[in-house]
Amino acid sequence: MQNGPERRIRRIAVNTGGGDAPGLNAVIRAVTLAALHEGWEVLGIRRGYMGLLEAEVDGEPGLVNLTAHAVRGITHLGGTILGTTTRGNPFGLEVRQPDGTWGTVDRSDEIVQRFRELGIDCLVAIGGDGSLNIAHALHRKGLPVIGVPKTIDNDLRATDVTFGFQTAVEVATDAIGRLHSTAEAHQRVMIVQVMGRHTGWIALDSGMAGGADVILIPEIPYRLDRIAAKVVERDRAGRRFSIIVVAEGARPADGEPSYADATGRYGGVADAMADEIERLTGKEARTLVLGHIQRGGEPIAYDRNLSLRFGAAAVRCIRDGSLGTMVALQGGAIRAVPLEDAVGEIKRVPLDADLLTAGRQLGVSFGD
Ligand code: F6P
């Protein structure tokens with residue numbers, strides 16, 4: 001929806017949805033300060049959209065007035081001062097039925113109604129694939145929205161990179177680097193499981209930077225015999241340890257990915273692989289599941305600055321009437337792309353990615 005620059009803005013809102021990512025607070029600060037600079041008011045909505053539906057969320061008012069004071073000193077902080085939730089889709093909110101079972105209810109009309117009552121002229125929705133899909137659906141119901149691409153997974157198309165990704169890569173790279181000495185001391189195979197959902201961006205970037213011998217990503221189904229062959233080849237060459245980095249969503253060529261539970265959350269691939277690698281190579285294998293440490297803590301400088309740029313650009317979009325868009329990084333420049341181009345299909349690692357090609361040239365195994 002293009003409302004045109006002539007539309008007078010008085011008040012905007014901002015929320016954070018889905019899994020957190022380092023840089024959320026920097027975006028909130030940038031949106032707030034840039035909007036205040038335009039003379040607008042800024043409302044923060046707690047826990048996704050819950051703060052609009054409930055007067056209180058976690059004992060605090062559902063809506064918070066974001067002043068310059070409220071966002072002071074938060075650029076470097078992990079998490080989100082607004083809180084977030086992965087269970088706050090207003091089109092399908094989970095509710096307990098009278099018979100004790102769980103069902104869902106669509107409260108999206110109430111959200112649109114609340115925005116009108118509160119005189120909110122635009123929502124800045126900071127989120128990943130799921131949250132931006134919700135924002136897009138609300139936009140189609142008439143709510144002016146700007147999206148900001150967040151996720152450590154880096155799986156949003158239309159932007160070269162999402163904020164939070166580089167911090168996750170840094171954390172994973174550090175962990176992989178630290179494993180080398182202990183792996184070598186014990187002549188073991190260390191299997192590091194990293195996040196990334198359906199894509200292998202974190203595994204590829206951290207595996208390469210951390211000097212992994214084998215990198216397994218969902219985009220390239222793996223064969224256990226190929227992985228074992230690489231470990232044995234290294235052993236014979238006197239390199240009696242190996243580091244395997246496996247994306248949580250990686251899957252064998254002849255099977256399915258490993259799921260943690262029935263909700264479709266990934267988990268367990270490293271542990272399952274360790275037993276097989278021990279059996280096939282006769283070497284001791286240990287696993288490290290990095291988990292949420294990849295999302296926690298302070299964003300690195302790159303993500304802080306990207307977040308600040310995204311937040312400031314979102315305010316420019318509102319000012320210029322470029323609504324229904326997502327701010328994106330494309331070839332070094334920040335652009336506004338239509339929300340429908342940003343959501344839906346995810347961005348997978350292309351099989352001709354330069355880093356992947358370089359890895360093959362350097363003798364890294366991708367398990368195929
Ligand atoms: O999307 C971010 C992410 O950290 C994924 O990499 C991971 O699969 C998932 O979220 C974990 O979700 P949760 O925080 O619900 O365990």
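Throughout, read-outs are computed from the coordinates displayed, never taken from laboratory work. Nothing here was measured: the structure is a model prediction, and the numbers come from that model. Cβ coordinates were reconstructed from backbone atoms using ideal geometry, including for glycine residues, and neighbour counts include every protein chain displayed.
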Inset, instruction - Determine whether the stretch 43-62 contains at least one residue that is within 16 Å of the ligand (Cβ to nearest atom) and under 23 Å from residue 297 (Cβ atoms). - result: yes
Legend entry - In the stretch 87-116, residue surrounded by the fewest Cβ atoms within 10 Å (Cβ to Cβ) [restricted to those that are touching a residue at least 24 places away in the same chain (Cβ under 8 Å) and not hydrophobic (A, V, I, L, M, F, W, C)]: 109
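Yes or no: residue 224 in contact with a strand residue (DSSP E or B) (Cβ under 8 Å, 6 or more places away or on another chain) and surrounded by fewer than 24 Cβ atoms within 10 Å (Cβ to Cβ)? Can you show your working first?
Working: in contact with a strand residue (DSSP E or B) (Cβ under 8 Å, 6 or more places away or on another chain): yes; surrounded by fewer than 24 Cβ atoms within 10 Å (Cβ to Cβ): yes.
Yes: the conditions hold for residue 224.
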Legend entry - Failed item, numbered, when residue 246 is tested on (1) surrounded by 14 or more Cβ atoms within 10 Å (Cβ to Cβ); (2) part of a loop (DSSP other than H, G, I, E, B): (2)
Legend entry - In the stretch 302-324, the residues that are touching a helix residue (DSSP H, G or I) at 6+ places or on another chain (Cβ under 6 Å) and β-branched (Val, Ile, Thr): 315
Legend entry - Selection count, the stretch 18-53, where residues are of a type outside the set (Phe, Trp, Tyr), touching a residue at least 12 places away in the same chain (Cβ under 8 Å) and part of a loop (DSSP other than H, G, I, E, B): 9
Inset, instruction - State whether the residues of the stretch 111-121 include one that is outside any loop (DSSP other than H, G, I, E, B) and within 16 Å of the ligand (Cβ to nearest atom). - result: no
